[in-house]
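Notes for the one structure printed next.
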Amino acid sequence: MLNRVILMGRITQDLDLRQTPSGTSVLTFNIAVDRSFVKQGEERQADFITCVAWRQQADFISRYFGKGRMIAIEGNLRSRTYDDKNGTKHYVTEVYVDNVSFTGEKRSDGSSTSAYSGNSYANNYNNAPAQPVNQPQSGNNDALSIGDLSDYEEVLSDDGIPF
């Protein structure tokens with residue numbers, strides 16, 4: 001089975017980071033995602049998608065994003081039902097966020113935000129943005145190490161390649 005969702009849109013409200021009774025961070029927010037098709041003579045329509053982020057993802061989003069900011073998320077769809085205080089049953093579909101990325105949108109100071117992404121592995125963001133998933137954490141936060149390139153063999157011809 002496959003249940004993956006990738007969305008890019010704008011956050012529609014001020015973010016309110018909450019804590020469960022056990023101290024786990026949780027953030028529920030909506031993003032507006034433009035539809036790709038526009039009928040001639042009409043304005044572009046958008047879908048408003050509810051997203052839920054937990055733990056480091058919730059902390060990361062609340063720290064680096066806000067209302068009106070473009071955000072790219074990857075996650076999975078979950079549906080649930082609940083009864084409100086009047087006894088009415090509600091059916092809800094939400095995106096549970098696994099990965100978060102900046103979109104490259106320019107901030108008000110003119111700098112780009114595309115260099116970093118938040119994910120469940122990047123939780124060292126006390127004084128600096130989170131590191132991308134496949135980037136190791138550097139000791140001094142001044143430079144990122146990309147690994148030892150001597151681990152790879154240079155292929156000079158395509159003879160014998162099995163594909």
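Tabulated data
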{"read-out": "Residues that are of a type in the set (Ser, Thr, Tyr) and exposed (fewer than 14 other Cβ atoms within 10 Å of the Cβ), drawn from region 24-65", "value": "THR24, SER36, THR50"}
{"read-out": "Single unsatisfied condition, ARG63 versus (1) within 18 Å of ASP14 (Cα to Cα); (2) touching a strand residue (DSSP E or B) at 6+ places or on another chain (Cβ under 8 Å)", "value": "(2)"}
{"read-out": "Residue, nearest to the chain's Cα centre (by Cα), within region 82-105, restricted to residues that are open to solvent by 80 Å² or more (accessible area, probe 1.4 Å) and over 23 Å from ILE11 (Cα atoms)", "value": "TYR82"}
{"read-out": "Number of positions in region 25-41 that are modelled with pLDDT of 95 or more and more than 21 Å from PHE102 (Cβ to Cβ)", "value": "1"}
{"read-out": "Which numbered condition GLN40 misses (of (1) out of contact with any strand residue (DSSP E or B) (no Cβ under 7 Å at 6 or more places or on another chain); (2) in a strand (DSSP E or B))", "value": "(2)"}
{"read-out": "Hits in region 1-37 - residues which are hydrophobic (A, V, I, L, M, F, W, C) and in a loop (DSSP other than H, G, I, E, B)", "value": "MET1, LEU2, LEU15, LEU17, PHE37"}
{"read-out": "Whichever residue in region 1-21 is more than 17 Å from the chain's Cα centre (by Cα) and open to solvent by 100 Å² or more (accessible area, probe 1.4 Å) and, among such residues, is farthest from GLY68 (Cα to Cα)", "value": "MET1"}
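The values are calculated or read from the model by the stated rules, or taken from the named source; none is laboratory data. Note that the structure is predicted; figures quoted are calculated from it, not measured. All Cβ positions, glycine included, derive from the backbone under ideal geometry; neighbour counts span all protein chains shown. All accessible areas refer to the heavy atoms of the entire protein, side chains included, with ligands and DNA or RNA removed. Shrake-Rupley method; radii C 1.70, N 1.55, O 1.52, S 1.80 Å.
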